[in-house]
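The values are calculated or read from the model by the stated rules, or taken from the named source; none is laboratory data. In this text, all values refer to a predicted model and were calculated from it rather than measured experimentally. Here the Cβ is made from the backbone with ideal geometry for all residues, glycine too, and neighbour counts use every protein chain on show.
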Amino acid sequence: MTEKNFNKALSVFLLAGMACAVLFTTIARFPSAQDGKVLLLVSAFSSLMGILSAVCSANGLIITFLFGLLDVSLYGLICLLNWRSGGAGLGNALLHFVYFVPMQFVGFFQWRRRGRSEQGAVRARRLTARSRLLAGVVFLAAGTVAYLVLLHFDRSGVQGFWRWTVLLDVLPLVCNIIGQVLMSTAYMEQWIFWIGVNIFSIAMWGGTLKDSPDSSYALIYLIKYAFYLLNSLNGLRIWLSLSASDRGLDK
């Protein structure tokens, strides 16, 4: 099997697997959805748009930003509602409404300017060694500031400086911000941060499901980010190939 056919087969698997998982979960949870049937359906639709966006992004297709716009808008709403009920999510809600929504437009026009590679995908590139170091410093600094800010708004009732729900807000928040910048400018290193986003988001929604076993939308998002994690690993593999001609050497 050629690499092109393998990428297509894996993309179909991710799309079909996510669709089936969301469909079966929605059907099973719908009769007893204590947090609202409409909210459950919105979560399911958002998740499907998200996986479409993620798979298109992994393959370097510009249509990712259309599906992404629908996903981030609806996901921000769900996070806000989750935070208002006492769980984590404020950081993600603010991130999606204030940052991710406008960045879908930025990314679309940036990818159009870069054009397409011989593989039919966006022309990918790599960070220089100096830029990678800078990204690491920015991650630590931004994470510290975000933690202190969100700690002030924490409504979990937990005492002490270190709070798990706040940390699970901060880590995906900072990874999302840096990952989106790198994605919009077509850098391969975006996938390192997307992998982080997915791992931390699985932990966040897993904690929500543990505290509220009857939460329908928490289960859907847990499944969503499990598929996202698989896709981000595949995206890293594909973009290593797409950016092979750009070694990210310091000038």
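Quick notes
- First in segment 212-232 and touching a residue at least 24 places away in the same chain (Cβ under 8 Å), second anywhere and of a type in the set (D, E), Cβ under 7 Å, 6 or more apart: S215/D35; S216/D35; Y217/D35
- Consider segment 183-200 and keep the residues that are in contact with a Phe, Trp or Tyr (Cβ under 7 Å, 6 or more places away or on another chain) and in contact (Cβ under 8 Å) with a residue 40 or more places away in the chain. The one that is farthest from R114 (Cα to Cα) is W191.
- Within segment 60-97, the set of residues being buried (at least 23 other Cβ atoms within 10 Å of the Cβ), more than 15 Å from the chain's Cα centre (by Cα) and among the polar types (S, T, N, Q) comprises N82 only.
- Selected residue (criterion: surrounded by the most Cβ atoms within 10 Å (Cβ to Cβ)) from residues of segment 36-59 that are touching a Ser or Thr at 6+ places or on another chain (Cβ under 6 Å) and in contact (Cβ under 8 Å) with a residue 60 or more places away in the chain: S57
- Residues that are assigned to a loop (DSSP other than H, G, I, E, B) and either of a type in the set (D, E, K, R) or touching a Phe, Trp or Tyr at 6+ places or on another chain (Cβ under 9 Å) (or both) were ranked within segment 137-157; the one that is modelled with the highest pLDDT is D154.
- Residue tally, condition part of a helix (DSSP H, G or I) and out of contact with any Gly (no Cβ under 7 Å at 6 or more places or on another chain), over segment 53-74: 12
- Considered as a group, the residues in segment 116-136 that are assigned to a helix (DSSP H, G or I) and within 21 Å of the chain's Cα centre (by Cα) include one that is surrounded by the most Cβ atoms within 10 Å (Cβ to Cβ), and that residue is A135.
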